Amino acid sequence: MTLDELVYNIQLAVNILVSLLKKNWQNIWALYTKSTMGKPQGLY
């Protein structure tokens, strides 16, 4: 998977999940992504 595909997939997943929340981004304090063997990386 290329970096562009990874970024696109993360953006799509976050936008869908945020749209399902009642207060949208007001309910989110932090976003992290983690690979199988890597350390968590903060996104927001």
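Are any of the residues in the stretch 20-43 in contact with a Lys or Arg (Cβ under 9 Å, 6 or more places away or on another chain) and not β-branched (Val, Ile, Thr)? Scanning the stretch 20-43, I find at least one residue that is in contact with a Lys or Arg (Cβ under 9 Å, 6 or more places away or on another chain) and not β-branched (Val, Ile, Thr), so the answer is yes.
Here is a yes/no grid of residues against (1) among the polar types (S, T, N, Q); (2) surrounded by 10 or more Cβ atoms within 10 Å (Cβ to Cβ); (3) modelled with pLDDT of 90 or more; (4) in a helix (DSSP H, G or I):
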| residue | (1), (2), (3), (4) |
| --- | --- |
| Asp4 | no, no, yes, yes |
| Asn9 | yes, yes, yes, yes |
| Leu12 | no, yes, yes, yes |
| Val18 | no, yes, yes, yes |
| Gly38 | no, no, yes, no |
| Tyr44 | no, no, no, no |
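Within the stretch 17-37, the set of residues being under 17 Å from Leu6 (Cα atoms) and of a type outside the set (A, V, I, L, M, F, W, C) comprises Tyr32, Thr33, Lys34, Ser35, Thr36.
The set of residues in the stretch 22-36 being more than 12 Å from the chain's Cα centre (by Cα), surrounded by 10 or more Cβ atoms within 10 Å (Cβ to Cβ) and modelled with pLDDT of 90 or more is empty.
Filtering the chain to residues that are touching a Phe, Trp or Tyr at 6+ places or on another chain (Cβ under 9 Å) and on the phi > 0 side of the Ramachandran plot leaves nothing. Which of the residues spanning the stretch 1-23 are within 12 Å of Thr33 (Cα to Cα) and not polar (S, T, N, Q)? Residues satisfying the conditions are Leu6, Val7, Ile10, Ala13, Val14.
The values are calculated or read from the model by the stated rules, or taken from the named source; none is laboratory data. Computed from a predicted model, the values in this text were never measured in an experiment. Using ideal geometry, Cβ is built from the backbone for each residue, glycine included, and neighbour counts are taken over all protein chains shown.
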